[in-house]
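Heads up: the structure comes next, in structure tokens.
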Amino acid sequence: MDLIDDPRQGQNSPEFTVTELSGAIKRVIEGEFAHVRIRGEVGRVSRPRSGHIYLDLKDDSSVISGVIWKGVSARLETQPEEGMEVIATGRVTTFGGQSKYQIVIEDIKPAGMGALMALLEKRKAALAAEGLFKPERKRPLPYLPDVIGVVTSPSGAVIRDILHRLRDRFPRKVLIWPVAVQGAKCAPEVARAIQGFNALSPGGALPRPDLLIVARGGGSVEDLWGFNEEIVARAAAASDIPLISAVGHETDTTLIDYVSDRRAPTPTAAAELAVPVRHELVAWLDGQEARMTHALSQGLIRRDQRLRDMGRALPRPDTLLDGPRQKLDMLGARLGPALTAGVQKRNVRLANMSGALRPGTLRRALQSEQRRFLALVGRFRPDALGLDQRRKLEAATVRFRPDVLLQDHKRKLDALTVRFRPEALVQDQMRKTQLFQVLARRLSEAGQRQTQGWRKQIAGLERLHETLSYKSTLARGYAVVRGDGDVVTTKKAAQDAASLEIEFADGRMQVGGKPSPRKASGNPPEQGTLF
């Protein structure tokens, strides 16, 4: 008979409380699975305020709960994320409060290169969706930064390579922020270094860098994983200072490379991107100076030629005064006859007016008016007029008395005679003559001032001509070489010439042969050679 089917079986078995049974199971499980490694996919991840991490590890058919205590989670190199394939190391235990078993994880790592790449692609897609990789966010690097901040390990070869390259190309001030470049401390320290450099105040005791370089040597994906963390990428994207990423070798790519303003394949290349070559810059400046000097010389030559052309087109000062002088002479010659003719014309007019006012003529006109008046009076009978009309007639008769009219006309004649006195005409003539002399003197002074102005302008142009002539160039130590009377511009022409003549600032000197028939002159040589 099977013991299992025996209904009396178990009656003598010990009784356990729930807690005792749960504790026994816990001891059995922890004794059998003291330390295990589990491979699986991270499912649900929960991070409460306590700092612990609760997650699920699953495969195709099973799920096991896991917990990472706060102290352990702070030391993890890789933080678990949902969908990530990992290898978790820990111990299996039970949780009696919910009658379930779980694994207390002490370490967790991605399960191989495939898992890391999948996690990297996931982070890359998330950051790209936020627009952190867009080209328009990238800023140009300063051409010649005064201060360069370097985020790297102070003890590695990277910082020595950067300093050596900067010293060779263009020495600059360098601030080094030491950080761990791999391991669990890498990501937070690099992020804090970028944020710390940005927090510096411009012009403070510690200068704020104009450019940042985040550098690390080559290594495996696991070694460079700190620069793939989201916290580092976001800190680089939020940096107000232009940033160059130089992590790993040319084939290595991390998330900071996508968000930085420029990516350098190596730390040495980052230093080359940061500053130009000083010798090349000096050579470029020398070339620009030579071009500027040449352009200035050509401009002076063109202006000198233009000044010569304009000088030949200017009239002489004497010819400018010929016209005004001739016009002044003509007006002066016409002034005397014009004044005489004016006086004669006024004398004739005065004589005509005086002739019309002679006493005999006035007497005859008065008699004629009197006869006409008497004829009119005879037409009217006095007895037919009234008293008022007779009084008016008598008054009118008194008004037309010949002696009264004659005296009135004499007074008018005397007044006209006073107005047309010859002395007044002579005084008027003298006054106008003085006015004419004043105008002539002012015209002469204006002509002299204008002539002096033209003379000063011509003198200034002559001084400018002397300044721009080749004679002033000879005074600075140059010389003009002529061979057989012609200007020599090449070495071959000098060798072929029978004799050479060198013109200095104080004269000419013959070198071999007979003296040149040409004499020193002030004219510039045509396409001459200055030494």
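Bear in mind these aren't lab numbers, they're just calculated from the coordinates by the rules spelled out. It should be emphasised that the depicted structure is a prediction, and the values quoted were computed from it without experimental measurement. Cβ coordinates were reconstructed from backbone atoms using ideal geometry, including for glycine residues, and neighbour counts include every protein chain displayed.
Here are the numbers:
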| item | result |
| --- | --- |
| Residues of type lysines that Lys70 reaches as a straight line, Cα spacing below 20 Å, ignoring anything fewer than 8 places off in the same chain | Lys109, Lys185 |
| DSSP H segments from the chain that extend 27 Å or more along their own axis, Cα-based, with Kyte-Doolittle mean of -0.5 or above | 317-356, 359-378 |
| Alpha carbon convex hull of segment 440-494, volume per residue in cubic angstrom | 97 Å³ |
| Rg/Rh ratio calculated on Cα atoms of segment 409-479 (Kirkwood radius) | 1.69 |
| Sparse-neighbourhood loop sites, trypsin sites (Lys or Arg not before Pro) in segment 54-113 - DSSP loop, at most 12 other Cβ within 10 angstrom | Arg75 |
| Cα-only radius of gyration and Dmax that characterise segment 135-276, units Å | 13.5, 40 |
| All-pairs alpha carbon distance profile, the chain, 20 Å steps from 0, percent | 13, 18, 14, 14, 12, 11, 10, 6, 2, 1, 0 |
| Eligible aspartates and glutamates near Lys345 by straight Cα distance, threshold 19 Å, same-chain separation 8 or greater | Glu423, Asp428 |
| Helical contribution to [θ] at 222 nm, DSSP H n ≥ 4, -39,500 (n - 2.57), averaged over the chain, rounded to 500 | -17000 deg cm²/dmol |
| Per-selection Kirkwood Rh - segment 18-111 (Cα, Å, 1 d.p.) | 13.7 Å |
| Cα-centre dipole for the chain with unit charges at Cβ (Lys and Arg positive, Asp and Glu negative), debye to 20 | 8300 debye |
| All-pairs alpha carbon distance profile, segment 290-373, 10 Å steps from 0, percent | 13, 14, 13, 12, 11, 9, 8, 7, 6, 5, 3, 0 |
| Qualifying chymotrypsin sites (Phe, Trp or Tyr not before Pro) in segment 5-94, DSSP loop, other Cβ atoms within 10 Å at most 11 | Phe16 |
| Relative contact order (percent, whole number), segment 99-198, Cα cutoff 8 Å, 6+ residue spacing | 22 percent |
| Per DSSP, loop trypsin sites (Lys or Arg not before Pro) in segment 410-513 with at most 11 further Cβ within 10 Å | Arg476 |
| Kirkwood-type radius of segment 214-361, with distances r between different C-alpha atoms, in Å | 25.4 Å |
| Relative pair counts by distance (%), Cα atoms of segment 96-163, 5 Å bins | 3, 10, 9, 8, 11, 16, 16, 9, 5, 4, 4, 2, 1, 0 |
| Two-decimal log10 I(q)/I(0) for segment 112-204, as the Debye equation yields it once each C-alpha is a single scatterer, q = 0.18, 0.25 Å⁻¹ | -1.13, -1.24 |
| Overall dimensions of segment 248-301 by Cα: Rg and Dmax, Å | 19.7, 60 |
